[in-house]
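Scroll down for the structure; my scribbles are underneath it.
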Amino acid sequence: MGRTVSFNRPDGKAVAGYLAEPADPAAAPAIVVVQEWWGVNEQIRGVAERLASAGYVALVPDLFRGKVALEAAEAHHLMTGLNFGAAARTIVLGGVSTQIGVESTARQAYEHGYELLIVKDATTSSVLEGHEMSMKHILPRLSRLVRSDDITLTLI
């Protein structure tokens, strides 16, 4: 079971996050899970827990400082108020609803001047045509499309 932790960002400021660890975390690989625009909610904590069950140490930084949105308008407000400069330099993004959630998050990151990597084999949608249009025509203009196998090599 995961827990809320506090850790220091590279600039020395403290930030909270959700940490889920496997039974033997000492030699486990680690992954940072970035919250969706809803915040660190049950669904995102569940993602971290499933990664921990698969043998990973999973950390979810709380970019909204404890706030969780329940409606789209509230989520939009939290997302547009995010200080991207304090959050990251490079954003690696995947998820569902490619043409809605992934694309809107990508646009926000792009507008704030961040390098953006879209993990093409970690994005999907229930509407195949919308997914394909975003992946072919929109997201390549905002980001670099990479495969999950190439993430580590891309970031080094």
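Only one entry in LEU78, LEU51, LEU59 is closer than 27 Å to ARG147 by Cβ, in contact (Cβ under 8 Å) with a residue 40 or more places away in the chain and either more than 13 Å from the chain's Cα centre (by Cα) or not assigned by TED's automatic domain parsing to the domain that holds THR123 (or both), namely LEU59.
Being touching a helix residue (DSSP H, G or I) at 6+ places or on another chain (Cβ under 8 Å), surrounded by 15 or more Cβ atoms within 10 Å (Cβ to Cβ) and small (Gly, Ala, Ser) holds for only one residue in ALA28, ALA20, and it is ALA20.
Which ones in segment 3-45 are in a loop (DSSP other than H, G, I, E, B) and of a type in the set (A, V, I, L, M, F, W, C)? Within segment 3-45, ALA23, ALA28, VAL33, VAL34, TRP37, TRP38, VAL40 qualify.
Within the set GLU71, GLU115, the sole residue that is surrounded by fewer than 14 Cβ atoms within 10 Å (Cβ to Cβ), among the acidic types (Asp, Glu) and out of contact with any Cys (no Cβ under 6 Å at 6 or more places or on another chain) turns out to be GLU71. Can we say SER134 is under 17 Å from GLN35 (Cα atoms) and in contact with a helix residue (DSSP H, G or I) (Cβ under 9 Å, 6 or more places away or on another chain)? No: the conditions fail for SER134.
List pairs: first residue in segment 21-42 and on the phi > 0 side of the Ramachandran plot, second residue of a type in the set (D, E, K, R) and not in a helix (DSSP H, G or I) anywhere in the structure, Cβ distance under 7 angstrom, at least six positions apart or on different chains. Once the first residue is on the phi > 0 side of the Ramachandran plot and sits in segment 21-42, its partners that are of a type in the set (D, E, K, R) and not in a helix (DSSP H, G or I) give GLY39/LYS67.
Of LEU63, LEU51, LEU78, LEU93, which residue is assigned to a strand (DSSP E or B), buried (at least 16 other Cβ atoms within 10 Å of the Cβ) and on the phi < 0 side of the Ramachandran plot? Of LEU63, LEU51, LEU78, LEU93, the one residue that is assigned to a strand (DSSP E or B), buried (at least 16 other Cβ atoms within 10 Å of the Cβ) and on the phi < 0 side of the Ramachandran plot is LEU93.
Evaluating GLY101 against the criteria (1) at pLDDT 90 or above; (2) in contact with an Asp or Glu (Cβ under 7 Å, 6 or more places away or on another chain) leaves one unmet condition, (1).
Kindly provide the set of residues from segment 5-20 that are of a type outside the set (A, V, I, L, M) and either free of Cβ contacts under 8 Å to residues at least 24 places away in the same chain or out of contact with any Asp or Glu (no Cβ under 8 Å at 6 or more places or on another chain) (or both), ordered by number. Result: SER6, PHE7, ASN8, ARG9, PRO10, ASP11, GLY12, LYS13.
HIS131 - would you say it is within 13 Å of GLY94 (Cβ to Cβ) and either surrounded by 14 or more Cβ atoms within 10 Å (Cβ to Cβ) or modelled with pLDDT of 90 or more (or both)? Taking the combined requirement at face value, the residue satisfies it.
The values are calculated or read from the model by the stated rules, or taken from the named source; none is laboratory data. Being a predicted model, the structure only gives us computed values, none of them experimental. Neighbour counts run over all protein chains shown; Cβ positions are idealised from the backbone, glycine included.
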